[in-house]
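S.K.: Pasting in a structure now, in C-alpha cells, and then I'll have a few things to ask.
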Amino acid sequence: MTQVEQRFAERAVARRRRFLVLSILGVIVGLSLAAYYAGCVIQDPSYPLKGRGVLVLLILLNARNNLRQYRFAGVLQKLLPAGGSPA
C-alpha cells in the first residue's frame, strides 16, 4: 500500500462515526420531509409533489451513500495494520 493510499484509508477510518451519524440524520430528515409533504397533500390534493419528491429521494440516497461509506471504513479498519505504519 502506498503512502497516499495509507493516508486515505486512515482518514476514512477516522471519519467512520461521522458517516453513521450523517446516514441516520439523512434518513430522519428524508422521512420527516416525506411525512410533511404527505400531510400537505392530505390537506390540499392539488399540492405539487414532483420536485419535492425528487428532493426527498436525493436526501435518502445520500443517507444510503453515507451508510455505504461507514461500512467501507469498517472494512478498511480491519485491513489496516494495527501499528499504523505501512507493511
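Rule-based calculations on the coordinates, nothing more; no lab input. In this text, all values refer to a predicted model and were calculated from it rather than measured experimentally. Cβ sites come from the backbone with ideal geometry, for glycine too, and all protein chains shown count toward neighbours.
S.K.: If only one of Ala9, Ala63 is more than 12 Å from the chain's Cα centre (by Cα), crowded, with 16+ Cβ neighbours inside 10 Å, of a type in the set (A, V, I, L, M, F, W, C) and in a helix (DSSP H, G or I), which one is it?
M.R.: Being more than 12 Å from the chain's Cα centre (by Cα), crowded, with 16+ Cβ neighbours inside 10 Å, of a type in the set (A, V, I, L, M, F, W, C) and in a helix (DSSP H, G or I) holds for just one of Ala9, Ala63, which is Ala9.
S.K.: If you go through segment 41-54 one residue at a time, do you hit one that is touching a helix residue (DSSP H, G or I) at 6+ places or on another chain (Cβ under 7 Å), basic (Lys, Arg) and either crowded, with 16+ Cβ neighbours inside 10 Å or in a helix (DSSP H, G or I) (or both)?
M.R.: yes
S.K.: Another one. Between Leu55, Leu60, which is touching a residue at least 12 places away in the same chain (Cβ under 8 Å), over 30 Å from Gln77 (Cβ atoms) and of a type in the set (A, V, I, L, M, F, W, C)?
M.R.: The match here is Leu55.
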